[in-house]
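**Student:** Would you mind keeping the following structure in view while I ask a few things?
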Ligand SMILES: NC(=O)c1ccc[n+]([C@@H]2O[C@H](COP(=O)([O-])OP(=O)(O)OC[C@H]3O[C@@H](n4cnc5c(N)ncnc54)[C@H](OP(=O)(O)O)[C@@H]3O)[C@@H](O)[C@H]2O)c1
Ligand SMILES: [Zn+2]
């Protein structure tokens, strides 16, 4: 996957050089239909150090199919950190992270039918598709989908998509959803990635009354617990952090503190479905063995180089269906937001300013986030 991405990037850079696109310069003064580009204030990574700095840059002018969003809240996903640190391959910098973005629509392109000015909109991990007619209903698996940051994207003045740690955002309106009124901005932002990433496999592999294991209780995991319970599951949460146990119990799940694989042994063949959000490579076998024969084990955590070892004999003898999942399609994302709004599913959030982002990233890596940091773009 890395190699494919790198090859795409090389091809893009070659094409961009021929077309005279100024990568990283942000100097295209006029974009689509000779309208001015959008001047933005954001926070960006400039290298693989993981330190972000304030950055003024330009987004493309609002095209015929696009909407302009004034960002009201934008939250921190561990994927932001993996990407900028180069865990998933080499990046182009400066690069603005952030793919949990909500705000007010301030401008609509002339072809846009699904949004009007002042609507509440949300954007997740996808922003466009170069052949939208073929994208299907699970756009995340289309080879032509443009992901929200770091993706080669000739429409943007910087040559790559730039994420949501920013005061304004431009997106093809197909890749935005309506944010239900029941959700505050801060509650809605984390749903745009963490919410849909857990909702989608839960809907695919879990049924009401199932025994479900959620593994790794951070941004994704804590929403996974809440969504699975709201969908009628009996949930057991596996955490390596003792101080999370009270929170887990307050959401209605059973908590298990994992100090070694011995703590998993009592759960052999107990679960119909397990979902792992662990962001780094881990020993999977004792976790897989907790699932009943023919049950499903879904990985949504994405380790360094997307590399995760497993043992074929363990899979054969447990008969567990092992799979991995990436976010969810736009239709399902809208369904998820409606479901969370109506069912009372809300993330636990901590509100921060731009100046606090670097510390927040360190807190996420150290498992100190409780459970999603939401950034106030008015502080940029
Ligand atoms: N598939 C997708 O579409 C998709 C979408 C979004 C994110 N992701 C990926 O999902 C993963 C989780 O994202 P997130 O934002 O939820 O991260 P997060 O907030 O950091 O939560 C991950 C949790 O996993 C546990 N954990 C962390 N490091 C661990 C380690 N070395 N060994 C065992 N457990 C560990 C911790 O929970 P405890 O303290 O409870 O142990 C931690 O809070 C990341 O890899 C991210 O890139 C994938
Ligand atoms: Zn994410």
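The values are calculated or read from the model by the stated rules, or taken from the named source; none is laboratory data. This is a predicted model, so every value here is computed, not measured. Quick reminder, even Gly has a Cβ in these numbers, built from the backbone with ideal geometry, and neighbours come from all protein chains shown.
**Student:** Test of understanding: among 274, 255, 269, 265, which residue is buried (at least 18 other Cβ atoms within 10 Å of the Cβ) and either under 25 Å from residue 337 (Cβ atoms) or more than 10 Å from ligand 1 (Cβ to nearest atom) (or both)?
**Tutor:** Working: 255 fails: either under 25 Å from residue 337 (Cβ atoms) or more than 10 Å from ligand 1 (Cβ to nearest atom) (or both); 269 fails: buried (at least 18 other Cβ atoms within 10 Å of the Cβ); 265 fails: buried (at least 18 other Cβ atoms within 10 Å of the Cβ).
On inspection, the qualifying residue turns out to be 274.
**Student:** Taking into account only those residues within the stretch 119-147 that are part of a loop (DSSP other than H, G, I, E, B) and touching a residue at least 40 places away in the same chain (Cβ under 8 Å), which is surrounded by the most Cβ atoms within 10 Å (Cβ to Cβ)?
**Tutor:** 124
**Student:** For residue 102, work out the one condition from (1) more than 16 Å from ligand 1 (Cβ to nearest atom); (2) within 15 Å of residue 168 (Cβ to Cβ); (3) part of a loop (DSSP other than H, G, I, E, B) it doesn't fulfil.
**Tutor:** (3)
**Student:** On to the next question. Counting only residues that are over 21 Å from residue 198 (Cβ atoms), give me the strands (runs of 3 or more DSSP E) lying completely in the stretch 289-352 with at least 2 of them. Step through it out loud before you land on a result.
**Tutor:** Numbers: elements: 291-299, 321-324, 349-352.
Correct list: 291-299, 349-352.
**Student:** Confirm whether residue 238 is surrounded by 19 or more Cβ atoms within 10 Å (Cβ to Cβ), in contact (Cβ under 8 Å) with a residue 40 or more places away in the chain and more than 10 Å from ligand 1 (Cβ to nearest atom).
**Tutor:** Details: surrounded by 19 or more Cβ atoms within 10 Å (Cβ to Cβ): yes; in contact (Cβ under 8 Å) with a residue 40 or more places away in the chain: yes; more than 10 Å from ligand 1 (Cβ to nearest atom): no.
Spelling it out, it is not the case that residue 238 is surrounded by 19 or more Cβ atoms within 10 Å (Cβ to Cβ), in contact (Cβ under 8 Å) with a residue 40 or more places away in the chain and more than 10 Å from ligand 1 (Cβ to nearest atom).
**Student:** So which residues in the stretch 155-188 are more than 12 Å from residue 126 (Cα to Cα) and either outside the structural domain of residue 72 (by TED's automatic domain parsing) or touching a helix residue (DSSP H, G or I) at 6+ places or on another chain (Cβ under 6 Å) (or both)? First the steps, then the outcome.
**Tutor:** If we filter the stretch 155-188 for residues that are more than 12 Å from residue 126 (Cα to Cα), which is where we start, we get 155-160, 165-169, 178-188.
Passing the criteria: 159, 167, 179, 180, 182, 183.
**Student:** With 89, 150 as the choices, which residue is surrounded by 16 or more Cβ atoms within 10 Å (Cβ to Cβ), within 16 Å of ligand 2 (Cβ to nearest atom) and at positive phi?
**Tutor:** Numbers: 89 fails: within 16 Å of ligand 2 (Cβ to nearest atom).
It is 150.
**Student:** Output the residue which, of all residues in the stretch 55-86 that are under 20 Å from residue 300 (Cα atoms) and free of Cβ contacts under 8 Å to residues at least 40 places away in the same chain, is nearest to ligand 2 (Cβ to nearest atom).
**Tutor:** Quick first cut of the stretch 55-86, residues under 20 Å from residue 300 (Cα atoms) only: 75-86.
So of that shortlist, the ones also free of Cβ contacts under 8 Å to residues at least 40 places away in the same chain come out as 84-86.
Values: 84: 13, 85: 14, 86: 17 Å.
Residue satisfying both the conditions and the ranking: 84.
**Student:** Being farther than 23 Å from residue 175 by Cα and part of a loop (DSSP other than H, G, I, E, B) is the filter here, so list the residues in the stretch 353-380 that pass it.
**Tutor:** 353, 366, 367, 368, 369, 370, 371, 380
**Student:** Would you confirm, using the coordinates I've provided, whether residue 61 is under 16 Å from residue 159 (Cα atoms), touching a helix residue (DSSP H, G or I) at 6+ places or on another chain (Cβ under 9 Å) and either assigned by TED's automatic domain parsing to the domain that holds residue 100 or part of a strand (DSSP E or B) (or both)?
**Tutor:** Considered against the rule, which asks whether it is under 16 Å from residue 159 (Cα atoms), touching a helix residue (DSSP H, G or I) at 6+ places or on another chain (Cβ under 9 Å) and either assigned by TED's automatic domain parsing to the domain that holds residue 100 or part of a strand (DSSP E or B) (or both), residue 61 comes out as yes.
**Student:** Looking only at helices (runs of 4 or more DSSP H) that fall completely inside the stretch 192-262, which ones have 1 or more residues that are within 16 Å of ligand 2 (Cβ to nearest atom), modelled with pLDDT of 95 or more and closer than 20 Å to residue 75 by Cα? Walk me through how you get there before you give the answer.
**Tutor:** Working: elements: 194-205, 219-230, 245-250.
The helices (runs of 4 or more DSSP H) meeting that bar are 194-205, 219-230.
**Student:** Show the residue pairs meeting these rules: Cβ distance below 6 Å; 6+ apart or different chains; first residue within the stretch 318-335 and in contact (Cβ under 8 Å) with a residue 24 or more places away in the chain and farther than 21 Å from residue 302 by Cα; second residue away from ligand 1 (no atom under 12 Å from the Cβ) and not in a helix (DSSP H, G or I).
**Tutor:** Correct list of pairs: 318/289; 319/293; 319/294; 331/137; 334/177.
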